[in-house]
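The values are calculated or read from the model by the stated rules, or taken from the named source; none is laboratory data. Keep in mind that what you see is a predicted model, and the values were worked out from it rather than measured. Glycine also receives a Cβ, built like all others from the backbone with ideal geometry; neighbour counts cover every protein chain displayed. Ligands, DNA and RNA are excluded from the accessible area calculation, which covers all protein heavy atoms including side chains. Shrake-Rupley method; radii C 1.70, N 1.55, O 1.52, S 1.80 Å.
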Amino acid sequence: MKMIKPFIIIIVISITVNFVGFSEFLKSFPPTHFKTLLSILLLALWGFLGVFMGFKKEKQFLPFISGYFGIGLAACVIGYLLELLFPTILFFIIYIGPLYGITYYITDAPSLLSIVLSILLVYGVSLLGFVLPSLINNLKKV
């Protein structure tokens, strides 16, 4: 239950960030500098959420983010491969669109690689943020 509030906040922020540059994402146009900055800030927000949950030692954060990103990755990849735009558009809006400002410069166009990269990038930053407090505490003990 503790994960409901952060989950809702992240979803609202992700959808908001996506709609700022949705037309660019939809048409595969280069993102504006503002959209790129928002994508970087969203990635940092996930990292800060991980750090916060790590300091609080919220053990349910790991299964939460694994499930959250696992479901998103599966839905986006399946939707992309089967060309099911309508049923998977919500997943694209939540997972792929918000990071378009970053992934555009790496993959140059929405593709399966950009889908996987977007989700793994946020998952990795969240995971790193979560384990960072315990790594720092272990280094202080040495």
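What the table shows:
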item	result
At R0 = 22 Å, FRET efficiency that the Cβ-Cβ distance of residue 106 and residue 66 yields, to 0.05	0.40
Accessible surface, per residue, of the chain when the full set of protein chains is kept, probe 1.4 Å, Å²	57
Helix 61-81 vs. the chain, principal-axis angle (Cα, 0 to 90°, nearest 10)	20
Carbon + sulfur, % of accessible area of the chain - ligands and nucleic acids excluded, 1.4 Å	78
Given 13 as the ceiling on other Cβ atoms within 10 Å, longest exposed-site-free region of the chain for trypsin sites (Lys or Arg not before Pro) in DSSP loops	60-142
Ellipticity estimate at 222 nm from DSSP helix runs (n ≥ 4, -39,500 (n - 2.57)) divided over the chain, nearest 500	-26000 deg cm²/dmol
Residue-span extension gain [residue 40 to residue 11] - 0.36 nm each, minus C-alpha spacing	8.8 nm
Three principal axis lengths of segment 92-137 [C-alpha, angstrom, descending]	41, 19, 16
Listed residue pairs exceeding 28 Å between alpha carbons, taken from 35/59; 56/141; 2/27; 5/35	35/59; 2/27
Given charges at beta-carbon only (K, R positive; D, E negative), |dipole| of the chain in Debye	720
